[in-house]
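To start, the structure under review is shown below, and the notes come after it.
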Amino acid sequence: MMLLELGLDLILLGAIFSCAYGLGKKILAIFSPGLFNDPNPETIAATGLGLAVIATLTFAVGLAGGLYSWIFYGSLVLLCALHCREIIELFRLCLQFPVNLLRSRATRMDLVLLALVGIALVSNLLFNYAPPTQNREMHYDLTMPKIYLQNHRIIDIPDDKVFYYPFLIHMLYLYALCLKRVLLAKLIHYALGCLCLGAVYFYARDLFGRRAAFYAGALFYLMPIVASLSGTANIEFGTLLYGLLAVWTLHLWIRSEDVRFFYCGAFFAGATLCTKITGIALTASFFLVALGLCIFHFKYTIGKILRTAILGTLLALAALSPWLIRNMIYSSNPVMPFGVSAFGWKGHETTDSEISNLKGLYSKLSAKKIAEGYHNILFGDFIYGGGPLMFAFLLPLFFTPHLRKACRLPLVVALLNYFILFNILPYPHCFYENRYYLVSFGLAAVLIGGGMAQFLRVWNYRWIRIAIVSALMFPSLTFSLLFAAKRVPFFLGLESRESYLKSCLADYHIVLFANENFGANSRVLLIGGNDVYPFYWQSRVVLATTKFYKAQGAGPVLKLLKNEGITHVLYYKNLYTLDSGGVLRHKVEKYNDLYWDLNAWTKGLLQNVYEDKKFVIFKI
């Protein structure tokens, strides 16, 4: 049964990405005819452009209240009919690629790397094709599109700051959910990872040659962080794809001196930011490097620099416009949830509280903690690191003149992206969220592929090749296989969906209780936490904001609950202690201290309908 479902989802996935390629290619042909001489960057750039357009159109349909299945199935059929020739062309290119790889003068090492990547592609597919169980995808990445679909339109979701973040990839997930295919949404992120693999491979081949491309592609796709993200419906691969395209087009601009490549890159830089707020580092890096190129490489006049910069900025804003428009409509602040006092733009209260709470933490760290943080950035943990080969083969690039010149641009952008992120991210995110640095990791893979190829030209010893293959197999491929093996019983139909979710989610019993006892129109207020898998709730789960925590007295609290349509309260009792003043103090986050007199209110205002060691659920 699951095999049939996978087959259908793969057909729909192929249709979406093929239509994106066709749409992007036609847009490039209209606005930049004859821009690409090489079909490889053109194919990836056209697909990325087409996906951004499809996401933007989905957003527009959502604003108009058109989130219905028949509309999206109809649009997919129409897109396929309009792009039949491009779909056949892409299918032919995809079939030719592995044939060309096998026909090339591949060494035994190349074939081993190809086999490892092939195994990883299959195992990551099995890892991916299972119900969502990661906190971020359940809390936000899939829940936001689900709420939009339930309302058949884009609506304001003011209770949680994350619902104001950039959302370009989420619109692709919304497209999949409108087709009534939850696992198709997860497959979109998997496919974006495959597209990133193609971008790394062809960019490395463009810079250093075919052999380096083999090494770069294998190193990238066998990174632990890539294996971990491949099984989720997160958004990191979207950020990486557009970041790689932005840098690649800068490289093509330098080579061809055709400024249209800069304009393409500017759009992709804006799209990078529209996928994830940390994309601002890549966007800033892109424009800083482009400015340097205008001044020192192309030696443009001031007037030409201004004209180029203005048009590039407009294209970046066009890619970013869905996020800006949605936030302006619902909050009058285009960069919500962040506040900008100079313009009178008020941020989300939760964001302000968290930033205030995190300020000053870095200055209190010991030298040992700082050293541990830097170690984590460079080498990471087993699951979210770059792997043992991350920096092992960079040095050969710097001792080879023609390679040193080729690696200059991606190295500068990777370092600049890292430097900006490290300085804008608060502790502990700057040290312990390596996924934020994924664009730098992807560029590093391109560079390391070149370094590895140069190293093996000189020291092509068998024991070195064995060491490289072993480092690619452990831990990344091993983890990928383990993640896949855990999902095989579900995939084969030996385990039910509910049984699988119970085995993966410690508190799934709360979801089952709520779905059995609460109506679909119920609204459940979360007090003290947010990790109760809102994607699986039939009821609407609402995260409490400051006004709920600070409210005092039965009358004001009841009025507040009724005004917000709250029917139930889920209270994280294990995260609170009662102080001598009658205030419930949160053990982790001080801004979640609660001023409710729960002992008194359970006698009339609140009815206890469920309680265990961790939670209490009250009915209003």
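The values are calculated or read from the model by the stated rules, or taken from the named source; none is laboratory data. Values in this document were obtained by computation on a predicted structure and should not be read as measured data. Note: ideal-geometry Cβ built from the backbone for every residue, glycine included; neighbour counts use all protein chains shown. Accessible surface areas use protein heavy atoms only, side chains included; no ligands, DNA or RNA. Shrake-Rupley method; radii C 1.70, N 1.55, O 1.52, S 1.80 Å.
Structure values in brief
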| read-out | value |
| --- | --- |
| Hits in the range 334-353 - residues which are in contact (Cβ under 8 Å) with a residue 24 or more places away in the chain and in a helix (DSSP H, G or I) | Glu349, Thr350, Thr351, Ser353 |
| Single match in Asn574, Asn530 (criterion: touching a residue at least 24 places away in the same chain (Cβ under 8 Å), in a loop (DSSP other than H, G, I, E, B), closer than 28 Å to Thr351 by Cβ and open to solvent by 10 Å² or more (accessible area, probe 1.4 Å)) | Asn530 |
| The range 60-72 - residue that is assigned to a helix (DSSP H, G or I) and open to solvent by 10 Å² or more (accessible area, probe 1.4 Å) and, of those, farthest from Arg326 (Cα to Cα) | Trp70 |
| Breaking point among (1) under 17 Å from the mean Cα position of the chain (by Cα); (2) open to solvent by 10 Å² or more (accessible area, probe 1.4 Å); (3) closer than 17 Å to Gly243 by Cα; (4) not basic (Lys, Arg), for Leu183 | (3) |
| Hits in the range 373-398 - residues which are in a helix (DSSP H, G or I), touching a residue at least 40 places away in the same chain (Cβ under 8 Å) and either closer than 19 Å to Asn423 by Cβ or touching a Leu at 6+ places or on another chain (Cβ under 9 Å) (or both) | Gly373, Tyr374, Asn376, Ile377, Pro396, Leu397 |
| Flag for Gly360 being open to solvent by 20 Å² or more (accessible area, probe 1.4 Å), out of contact with any strand residue (DSSP E or B) (no Cβ under 6 Å at 6 or more places or on another chain) and on the phi > 0 side of the Ramachandran plot | yes |
| Test for Ala212: is it of a type in the set (A, V, I, L, M, F, W, C), in a helix (DSSP H, G or I), modelled with pLDDT under 95 and closer than 30 Å to His402 by Cα | yes |
| Any hit, the range 405-425, residues being in a loop (DSSP other than H, G, I, E, B), of a type outside the set (Asp, Glu), open to solvent by less than 30 Å² (accessible area, probe 1.4 Å) and out of contact with any helix residue (DSSP H, G or I) (no Cβ under 6 Å at 6 or more places or on another chain) | yes |
| Hits in the range 292-310 - residues which are loosely packed, with under 14 Cβ neighbours inside 10 Å and assigned to a helix (DSSP H, G or I) | Gly292, Ile295, Phe296, His297, Ile302, Gly303, Lys304, Leu306, Arg307, Ile310 |
| Given (1) in contact (Cβ under 8 Å) with a residue 40 or more places away in the chain; (2) in contact with a Lys or Arg (Cβ under 6 Å, 6 or more places away or on another chain), number of the condition Tyr508 does not satisfy | (1) |
| Meets criteria (part of a helix (DSSP H, G or I), more than 16 Å from the chain's Cα centre (by Cα) and not hydroxyl-bearing (Ser, Thr, Tyr)) for Phe163 | no |
